[in-house]
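Inspection log for the structure reproduced underneath, given as structure tokens.
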């Protein structure tokens with residue numbers, strides 16, 4: 001009987017065919033007397049949608065929620081239905097006695113094969129091929145050590161549970177939120193079990209930044225002189241203790257200027273300083289080996305690679321080039337019997353790394369007893385990402401960068417710790433203490449792999465060797481420096497991946513992060529896709545390396561929190577469920593118990609969406625009856641009503657989301673006062689096109705007050721002509737060459753004024769709160785760049801900023817920021833800038 005091997009993708013099937021004796025290709029698969037080798041194309045089978053289970057679910061309504069099927073039906077993925085039929089035919093062949101699952105060695109690979117097997121409905125001997133790398137030797141070893149199919153039951157249970165949990169929470173929450181909230185903006189509210197809590201973290205950070213109030217503080221910096229040179233010291237407050245209620249407090253910060261000036265004056269008049277210091281040797285171990293998330297984080301920090309891009313590159317290095325082990329891993333350790341494999345891999349590394357390899361091998365640095373590197377308890381199905389024993393091939397630039405990162409980390413863990421000589425110096429004047437830190441690299445250890453050498457450091461002039469401490473030092477100058485506290489930075493992909501891994505908790509310590517990772521959001525294999533989805537669905541936006549929530553994203557999280565749906569907004573709670581899913585995978589939790597909990601959560605979510613919270617009284621006054629407006633989950637409404645078609649409606653209503661843009665309370669207040677605000681940016685049409693508009697509070701014929709979008713002469717409304725007959729020409733369109741006219745609210749190309757499909761060039765005269773006058777816009781058209789424009793106001797942070805307006809490709813408008821003031825030239829090493837503790 002023949003053995004049928006099913007890989008996850010055609011390229012892997014081809015590699016397996018070569019290793020198994022150059023099995024010849026026959027049509028879309030490979031076959032000889034012993035083997036039949038074919039592949040899936042990723043997922044070929046998916047769960048049925050609600051309306052395919054019951055036609056009653058075709059209509060999106062709260063009445064039929066929650067949708068909790070007794071069994072989850074599956075169906076072929078439409079675009080790959082032919083491939084599924086081919087596989088089913090091969091699986092049913094009478095000459096095939098054994099079917100080998102060679103899909104990727106992980107939860108998703110197991111699910112892909114399991115669902116195909118369900119569709120085929122065959123009862124044959126099932127084996128599992130579990131590959132750690134794609135080198136020929138590794139493939140041969142994997143075929144020699146095939147696992148029994150039923151040994152993978154726990155992994156199958158976890159895979160099915162993950163898929164069904166995402167279906168239950170995602171579809172029910174999406175339908176409920178769309179009916180209750182999303183349709184007011186004309187789009188579905190895409191809600192996910194893991195992606196929505198991830199979005200909540202970014203929204204929370206943005207609110208923290210927006211609401212942050214800077215506080216001034218003062219530091220005192222003194223210049224001291226010895227015979228050997230000069231150095232700086234920073235004043236240290238006596239008796240300082242960390243205050244949990246003031247996370248910005250530091251030992252060097254003085255919160256009242258008079259106090260700082262008084263201390264500085266006492267130091268100026270205090271005579272010589274009395275100086276003592278302590279020295280110690282500190283060690284810094286090499287970072288652990290990479291798992292996928294740490295590799296993605298560092299590649300984003302170092303090269304700006306997105307998480308998805310890094311995964312794609314690592315997958316290519318594993319699958320196509322065979323130069324890295326399996327990348328979709330959450331482990332940062334190696335098997336305890338993997339020492340010889342490490343030596344084999346080192347022997348094949350390029351000459352660039354030869355000095356480090358020679359040191360490791362000659363000094364016998366590969367120690368299987370080193371638990372930071374070799375630890376079976378830290379490995380589940382896969383170990384850390386390391387290079388294989390495959391000789392390097394030609395790589396493109398991005399592949400070379402990722403490969404080099406992995407190789408250097410691999411070599412670094414087999415080097416001794418780096419050692420520093422650390423000096424802590426205290427200079428006391430008039431009873432006031434100033435601190436200076438010095439640090440010298442004494443032994444590079446693992447840092448040698450990264451090109452660091454002895455002596456690289458922050459140095460300070462030595463104390464005289466022939467004098468006992470304390471020694472005197474001159475006080476050359478004393479300066480009081482003012483600064484302000486700063487809000488936390490926005491997330492980058494690197495920091496958001498870290499936050500996902502730790503379920504929103506900020507963890508710096510490597511060992512603590514290791515202990516928390518089981519309760520993270522998503523898995524290393526899914527996190528990149530989650531971030532991509534949030535950007536694609538326009539819940540997150542990218543600004544350089546920074547990630548920030550869109551108005552649509554913030555509106556969704558605000559809405560869910562109004563309904564108190566913690567399971568969709570709490571990273572910690574979602575992390576707990578990810579941990580339980582891992583328990584299913586390890587056989588410590590029954591699948592039925594896990595799914596019962598998910599069903600309970602689904603009911604809680606839909607019950608909450610069916611019961612809107614009662615209105616609360618806002619601080620805004622209505623213009624209809626001078627009473628405070630009531631704030632509901634979707635709008636600000638007046639307490640008085642008007643009658644329309646025998647139905648009472650609020651006399652005034654301002655929705656919280658208009659044109660897919662969240663309207664802030666400050667904007668509502670301005671609208672009530674002035675009856676008009678804008679033009680405002682950030683609106684999006686039903687097709688996702690961004691536009692600007694004026695908001696007007698208008699009294700309707702029925703007596704009620706409602707908000708309308710006014711496009712003025714901007715051309716942002718429906719397609720059609722805009723009257724520019726009386727508008728002056730200010731320049732030439734950079735896109736089509738037609739005249740650009742100055743309309744009351746916008747600068748607009750004549751062709752776009754005729755029909756917006758003709759040309760895209762038009763800009764509101766008010767950009768981020770700044771009116772762009774004609775001479776400024778004319779310079780933009782002629783030179784492609786304005787002079788510095790002062791006084792723009794960020795829609796998100798509400799802070800003012802200055803920038804140049806620049807024309808980009810295809811007539812798009814952009815900002816160019818003035819260079820920051822140059823930092824003062826670094827002083828000689830003998831003039832060490834003190835570090836604040």
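For the reader, a short list of remarks on this structure follows.
- Residue-span extension gain [residue 70 to residue 124] - 0.36 nm each, minus C-alpha spacing: 16.7 nm
- Region 280-359: radius of gyration and largest Cα-Cα distance (Dmax), Å: 14.8, 49
- Inverse of mean 1/r across different Cα pairs in region 146-303, Kirkwood, Å: 23.5
- Cα convex hull volume per residue for region 574-619 (Å³): 76
- Antiparallel bridges, percent of DSSP beta bridges restricted to the chain (to nearest 5): 85
- Neighbour counts of other Cβ atoms within 10 Å put 95, 367 in the fewest-to-most order 95, 367.
- Calculated on alpha-carbon atoms, Rg and Dmax of region 1-49 in Å: 12.2, 43
- Calculated on the alpha-carbon coordinates, the convex hull of region 728-816 measures out at 95 cubic angstrom per residue.
- Exposure proxy order (Cβ contacts within 10 Å, fewest to most) of 91, 134: 91, 134
- Region 203-264 and region 525-598 have Cα centres spaced 38 Å apart.
- Computed over region 529-674, the range of Cα coordinates on each principal axis works out to 64, 42, 27 Å, biggest value leading.
- Per-pair calculated FRET efficiency, R0 = 60 Å: residue 146 and residue 424 via Cβ, rounded to 0.05: 0.50
- Inter-part distance where region 338-404 and region 120-152 are each reduced to a Cα centre, Å: 25
- With neighbours defined as other Cβ atoms within 10 Å of a residue's Cβ, the residues 741, 536, 415 order from fewest to most as 536, 415, 741.
- In terms of packing, defined here as the mean over residues of other Cβ atoms within 10 angstrom, the peptides 285-293, 805-813 line up highest first as 285-293, 805-813.
- Computed label-point distance, nm, for sites residue 362 and residue 61 using a 7 Å Cα→Cβ extension: 8.1
- By the Stokes-Einstein formula, at 0.890 mPa s and 25 °C, the chain with its Kirkwood radius over alpha-carbon pairs has D equal to 77 µm²/s.
- Altogether, the Stokes-Einstein calculation at 25 °C and 0.890 mPa s, with the Kirkwood radius of region 292-412 over Cα pairs as Rh, returns a diffusion coefficient of 167 µm²/s.
- Full-extension gain in nm, residue 344 to residue 397, via 0.36 nm per residue minus C-alpha separation: 16.5 nm
- Calculated P(r) tail over 28 Å for region 2-145, as whole % of Cα pairs: 26
- Förster radius 30 Å - calculated FRET efficiency between residue 210 and residue 483, Cβ distance, rounded to 0.05: 0.90
- With a Förster radius of 60 Å applied to the C-beta separation of residue 92 and residue 728, the computed FRET efficiency comes to 0.20.
- Taking N as the residue count of region 168-250, its C-alpha radius of gyration divided by 2.2 N^0.38 Å amounts to 2.14.
- The alpha carbons of region 448-498 give a radius of gyration and a Dmax of 20.9, 54 Å, in that order.
- Rounded to the nearest angstrom and listed largest first, the equivalent-ellipsoid semi-axes of region 343-484 from its Cα gyration tensor are 45, 18, 16.
- Kirkwood Rh in Å, taken over all unlike Cα pairs in region 616-710: 13.8
Rule-based calculations on the coordinates, nothing more; no lab input. It should be emphasised that the depicted structure is a prediction, and the values quoted were computed from it without experimental measurement. Don't worry about glycine lacking a Cβ; one is built from the backbone with ideal geometry, like all the others, and counts go over all protein chains shown.
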